[in-house]
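Some notes on the structure that comes next.
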Amino acid sequence: LNYCPETSVNRAQMAVFLLRGEHGAAYTPPPATGTVFADVPSTYWAAAWIEQLAAEGITGGCGSGNYCPELPVTRDQMAVFLLRAEHGSAYTPPASTGVFTDVPTTYWAAAWIEQLAAEGITGGCGGGNYCPAAVVNRAQMAVFLVRTFNLP
């Protein structure tokens with residue numbers, strides 16, 4: 001078996017990772033209906049996971065009624081996904097104050113990114129930066145999950 005730590009994580013894989021992190025390794029979501037996102041038919045391999053992520057309010061998709069399951073997950077998006085999975089869909093982080101040099105307080109995900117750092121889930125990508133547009137790889141995803149859900 002290979003883990004492929006440097007391989008990018010896409011949005012479909014991320015749905016599985018998040019829900020197993022949140023609910024446990026044995027968790028299986030209810031069957032998919034294929035009616036939640038236009039680009040995720042019930043026969044898609046991760047359809048049930050994606051629909052459950054939406055049912056829990058962790059995602060609303062990528063726009064226009066789609067989920068974009070094959071798109072890679074970026075670090076800014078991951079901050080939102082992780083904190084919603086951890087704290088619930090109604091969670092709103094405190095206002096940003098300017099923790100990372102590459103994330104201005106006006107950046108759309110600044111508050112989410114800074115809360116991820118405040119909880120000790122991330123220290124950024126080095127040099128005082130967070131690298132919000134960088135794609136999350138499997139190694140980073142593992143660290144995010146262990147720290148977010150206090151996994152062994």
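Gain on full extension, evaluated as 0.36 nm per residue between Thr92 and Cys4 minus their Cα-Cα distance, stands at 28.3 nm.
The mean accessible area for residues of the chain, using a 1.4 Å probe and ignoring ligands and nucleic acids, is 48 Å² per residue. In this Cβ point-charge picture (+1 for Lys and Arg, -1 for Asp and Glu), the range 1-132 has a dipole of about 80 debye about its Cα centre.
Projection of the Cα convex hull of the range 32-138, averaged over all directions and equal to a quarter of that hull's surface, yields 7.1 nm². As I understand it, the value is the acute angle between the Cα axis of helix 138-149 and the longest principal axis of the Cα atoms of the chain; what does it come to in degrees, rounded to 10? The helix 138-149 is inclined about 80 degrees to the chain. Looking only at the range 114-152, which residues have a backbone nitrogen under 17 Å from a spot 7 Å from the Cα of Ala26 in the C-beta direction? Label zone hits: 152. Counting protein heavy atoms only, the range 1-144 has 56 percent of its accessible area on carbon and sulfur, 1.4 angstrom probe.
The values are calculated or read from the model by the stated rules, or taken from the named source; none is laboratory data. From a predicted model like this one, the values you see are computed outputs, not experimental measurements. So basically every Cβ, Gly included, is an ideal-geometry build from the backbone, and we count neighbours across all protein chains shown. Side chains are part of the model used for accessible areas, which takes the heavy atoms of the whole protein and leaves out ligands, DNA and RNA. Shrake-Rupley method; radii C 1.70, N 1.55, O 1.52, S 1.80 Å.
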